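Okay, structure first, notes after.
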Amino acid sequence: MTILPSILHDQITALLDAGDRLFEKGDDAGALAKYREAEILLPTERERFEASTLVAAAIGDTLFQLGQHAQVVETLQQALGYPDGDDNPFVHLRLGQSLLETGEEARALDHLARAFEYGGLDVFEDEDDKYLDFLKARIQF
């Protein structure tokens with residue numbers, strides 16, 4: 001993993017923070033625009049930078065809230081190849097949820113199980129019960 005130059009890191013962090021504030025206010029479209037601005041600043045070799053994982057997770061979460069599940073899947077599948085993306089419970093959670101929403105139950109089960117493995121029940125705490133129920137019906141806790 002390579003560290004971003006501080007000027008770039010600071011700009012990306014500021015955009016993520018601005019997006020988070022908009023997201024918390026319910027302005028998902030505004031948040032997504034800020035996260036996309038941060039994404040544009042990432043170097044082409046995204047798999048080398050932890051910031052890529054943070055940006056992709058923020059974009060994926062916002063797309064999930066907007067109900068754009070196919071785009072969530074595309075975004076978070078890429079995030080799995082970024083630093084700490086493959087063992088990030090939130091990335092697996094949102095990916096699994098979106099796969100379930102698009103009818104890909106086998107893949108959804110795999111990612112929801114990984115979300116549970118890496119994050120326990122806490123990762124499901126504020127989520128719709130249907131995702132944990134789906135998982136519980138298919139694996140033993």
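The values are calculated or read from the model by the stated rules, or taken from the named source; none is laboratory data. Quantities reported herein were computed from a predicted structural model and do not represent experimental measurements. Because the Cβ atoms are built from the backbone with ideal geometry, glycine has one as well, and the counts that use them run over all protein chains shown.
Numbers below:
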item: Complete set of residues in segment 116-129 that are surrounded by 11 or more Cβ atoms within 10 Å (Cβ to Cβ), out of contact with any Pro (no Cβ under 7 Å at 6 or more places or on another chain) and assigned to a helix (DSSP H, G or I); result: Phe116, Glu117, Gly120, Phe124
item: Of all residues making up segment 1-17, the number that are in a helix (DSSP H, G or I), over 17 Å from the mean Cα position of the chain (by Cα) and surrounded by 14 or more Cβ atoms within 10 Å (Cβ to Cβ); result: 3
item: Ala58 being in contact with a Gly (Cβ under 7 Å, 6 or more places away or on another chain) and either in the same structural domain as Asp27 (by TED's automatic domain parsing) or on the phi > 0 side of the Ramachandran plot (or both); result: yes
item: Segment 107-129 residues that are under 19 Å from Ala70 (Cβ atoms), paired with ones that are surrounded by fewer than 15 Cβ atoms within 10 Å (Cβ to Cβ) (beta carbon under 7 Å, 6 or more apart); result: Leu109/Arg138
item: Hits in segment 49-64 (condition: over 8 Å from the mean Cα position of the chain (by Cα) and closer than 11 Å to Ser98 by Cβ); result: Leu63, Phe64
item: Long-range neighbours under 9 Å by Cβ, at least six apart or interchain, first residue in contact (Cβ under 8 Å) with a residue 40 or more places away in the chain within segment 63-86, second surrounded by 20 or more Cβ atoms within 10 Å (Cβ to Cβ) and not in a helix (DSSP H, G or I); result: Pro83/Phe49
item: Those residues of segment 28-73 which are closer than 21 Å to Leu93 by Cα and assigned to a loop (DSSP other than H, G, I, E, B), in sequence order; result: Leu66, Gly67, Gln68
item: Candidates Glu39, Glu50 - the one that is within 25 Å of Arg114 (Cβ to Cβ), modelled with pLDDT under 95 and of a type outside the set (Val, Ile, Thr); result: Glu50
item: Residue count for segment 74-92, restricted to those that are out of contact with any Phe, Trp or Tyr (no Cβ under 9 Å at 6 or more places or on another chain) and not in a helix (DSSP H, G or I); result: 5
item: Counted residues, segment 68-115 - those being crowded, with 20+ Cβ neighbours inside 10 Å and of a type in the set (S, T, N, Q); result: 4
